[in-house]
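All of the numbers you see were taken from the coordinates with simple rules; none came from a lab. No experiment lies behind these values; they were computed from the predicted model shown. Positions of Cβ are generated from backbone atoms using ideal geometry, with glycine treated the same way; all protein chains shown enter the neighbour counts.
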Ligand SMILES: Cc1ncc(COP(=O)(O)O)c(C=O)c1O
């Protein structure tokens, strides 16, 4: 079904002009083959010629409320008419309201927000604040993580995209990941035991780096684009919290991708029952209606900056239109019970993906939470030989799966060995089943590559 199709330009014309005059992220430009999008509504979008796609990645895992939500559009329009901009040194009604609501939905103890324009800025300001607060330098992060593409945030993430930016900032120290499906740490023990070894190793890393040099431990609340690699026990997080307290280290949790209902709770970390000292947010904060990020700090860190300069600033920090969009989004999550729906539909999605695993030999692992899932494809379930391989060019079977998904009208992320399923939180059971049927078809193309 076509919706608001713009007749004036063809798919090819739009793509050609985009490629002629603009640069696409993370790609050799000649290889880019974007879908030209004309309009979007709910969990769907349409290309210029009326082909409909299910948005099974919520774009960049950020359009959590779905596309074209009238309440958010109205809030932005109203704010633009009333007051479109004041510089961050001024106060506005909507800034206070958005920050107050954020304090009410984030884990206990978090109170004051510094607004920015996206995830990288939210993380960079979090690291800056932790360094200013502690007077220490180093930040410990995970290898399999992504924290943004600024110079500091890029170094903080262990994702191999950082390798083009090496050596990056010198004060990042990386630790191993709770990748129970593949990490050698888990080869001879249970997932729970492996988690505990990792925390022991974190403590050893702190000792080796000198506790008085470590400003922060920075972890995703629920790991995202690096493969949804999360510990299997809440004890991991409780022990990390305890270590940070013991050594006077600030615990920064990056909720840029896992926040705002994605995991079936407001924030990924809410699944583990601890509070960080600082939290970084973006994406689902405004769901792409306008750009916005936020770094929220606990009362103690907030008070530190009462009498110590906060060396952070951006022209667009706390801009009223962003604050209005954030406030409207947070209200939509609440009023439309989207977080409850994510938890409920997450169970349907998990069950469907596990059925696909039973049916298709190429599916080695299925993991995730809420509406945040992926399938990891293998050539052999016993040996776990990867279908593609970490940081390798796209293999033939993965290319076939991706092409088939697209052909059947599904847009989602296919990265290395992973096929992501991360739809908007407003999705229904019927729509999920439609998406699972498309995945079922596409996976058939990878099965023949298995031994
Ligand atoms: C966990 C996490 N942190 C930070 C970022 C960076 O956000 P942005 O692209 O808005 O700078 C991302 C982006 O995917 C992310 O997933």
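A few comments on the model shown:
- Each 10 Å bin, from zero up to the one with the longest distance, holds this percent of the alpha carbon pairs of the range 154-239: 16, 44, 35, 5.
- Over the range 327-414, the hull volume per residue, using the convex hull of the C-alpha atoms, is 133 Å³.
- Neighbour-count order for 35, 301, fewest beta carbons within 10 angstrom listed first: 35, 301
- Estimated FRET transfer efficiency (residue 187, residue 74; beta-carbon r; R0 45 Å; 0.05): 0.25
- Our summary gives the range 70-335 a relative contact order of 31 percent, counting only alpha carbon pairs under 8 angstrom and 6 or more residues apart.
- Shape summary of the range 279-357, radius of gyration then Dmax from alpha carbon positions: 17.9, 57 Å.
- Rounded to 5, percent antiparallel among DSSP beta bridges of the range 70-335: 40 percent
- Principal axis dimensions, largest first and in whole angstrom, of the chain by Cα: 62, 60, 42
- Helical mean residue ellipticity (222 nm; -39500 (n - 2.57) per DSSP H run of 4+; nearest 500) of the chain: -12000 deg cm²/dmol
- C-alpha center-to-center spacing [the range 123-140, the range 365-426] in angstrom: 35 Å
- Modelled spin-label separation between residue 204 and residue 12, with each label point placed 7 Å from Cα along the Cα-to-Cβ direction: 6.0 nm.
- Overall form of the range 250-314 per C-alpha gyration tensor (a/c, 1.5; a/b vs b/c): oblate
- Largest-first principal axis extents, alpha carbons of the range 70-335, Å: 61, 38, 37
- Part-to-part distance (alpha-carbon centres) for the range 169-189 and the range 244-273, which is given in Å: 19 Å
- Label-point separation in nm, residue 383 to residue 32, each point 7 Å along Cα→Cβ: 3.8 nm
- Gyration tensor (alpha-carbon) shape descriptor, the range 1-131, a/c threshold 1.5: prolate
- The Rg/Rh ratio for the range 239-384, using Cα coordinates for both the radius of gyration and the Kirkwood hydrodynamic radius, is 1.07.
- Relative contact order, percent, the chain [alpha-carbon distance under 8 Å, six or more residues apart]: 20 percent
- Beta bridges by DSSP in the chain, antiparallel share as percent, to the nearest 5: 65 percent
- Taking other C-beta atoms within 10 angstrom as a stand-in for reagent exposure, 247, 21 fall in the order 21, 247, fewest first.
- Residue order, fewest to most beta carbons within 10 Å, for 97, 124: 97, 124
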